[in-house]
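This report refers to the structure that appears directly beneath it.
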Amino acid sequence: MRLDAKFVTSAFAPEGYPRWDRVEVALAGRSNVGKSSMLNALAGSKNLARTSRTPGRTRALNFFAVGDRLAIVDLPGYGFAKMARTQAARIASMMNDYLGQSERLAGLVLLVDARRGPEREELDLAALAAGRGVKLIAVATKCDKLRRSERAAALARFKPLGIEPILCSALDSEGIDELRRRIVGCAREARRASTADFLPR
């Protein structure tokens, strides 16, 4: 199973969002969490999203169509120390606009480095998702860098989120199939609950 994703457009403001009949699931995470690599792993492609040795290259909301009914929205990375304050503020505003206003958003995949666990920014994003009734999927990335003896402690760091994360690695594909199933399941649940909420207006 893979997500047959195709890039559609980038947007910097709500007026640039696609007007389509799709359930959207967003990917969010720090600039160095491996978001582009994770998106490529989900799609089974090395070239869908550009990866870079320099974190923080994603500065817009990137929309990808998956099949006929689903879309994945790659949100800009946040929390990178070398980013100018004005740029960081603009990215925060873009993310808040999308997460707070998108009528088609059904799920938020929150990517967190398994070695550090969620911090204030991740907890704030989780609270925003909960306030809107958006399903939260927590992912502990780069789990290939953990020793087996370190995994229990890594999972314990996610307790403040209130849900257990999926241990994932874009390098060796651990957890990728489970994450795909969660994303597709989230979209199906949203359509069953209220298809009208995701129709263009």
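Below, the figures for the structure above:
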| read-out | value |
| --- | --- |
| Residues within region 53-99 that are part of a loop (DSSP other than H, G, I, E, B), at pLDDT 85 or above and under 17 Å from residue 14 (Cβ atoms), tallied | 3 |
| Among residues of region 116-149, those that are open to solvent by less than 60 Å² (accessible area, probe 1.4 Å) and closer than 22 Å to residue 41 by Cβ, counted | 14 |
| Counted residues, region 1-12 - those being open to solvent by 30 Å² or more (accessible area, probe 1.4 Å) and of a type in the set (A, V, I, L, M) | 2 |
| Some residue of region 166-177 being part of a helix (DSSP H, G or I) and either touching a residue at least 40 places away in the same chain (Cβ under 8 Å) or of a type in the set (Lys, Arg) (or both) | yes |
| Any pair with Cβ under 8 angstrom, 6 or more apart, that starts in region 133-159 at a residue that is touching a residue at least 40 places away in the same chain (Cβ under 8 Å) and more than 18 Å from residue 34 (Cα to Cα) and ends at one that is hydrophobic (A, V, I, L, M, F, W, C) and in a helix (DSSP H, G or I) | 135/129; 135/186; 135/190 |
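The values are calculated or read from the model by the stated rules, or taken from the named source; none is laboratory data. Remember, predicted model here, so these are calculated numbers, not experimental data. Cβ coordinates were reconstructed from backbone atoms using ideal geometry, including for glycine residues, and neighbour counts include every protein chain displayed. Accessible surface areas use protein heavy atoms only, side chains included; no ligands, DNA or RNA. Shrake-Rupley method; radii C 1.70, N 1.55, O 1.52, S 1.80 Å.
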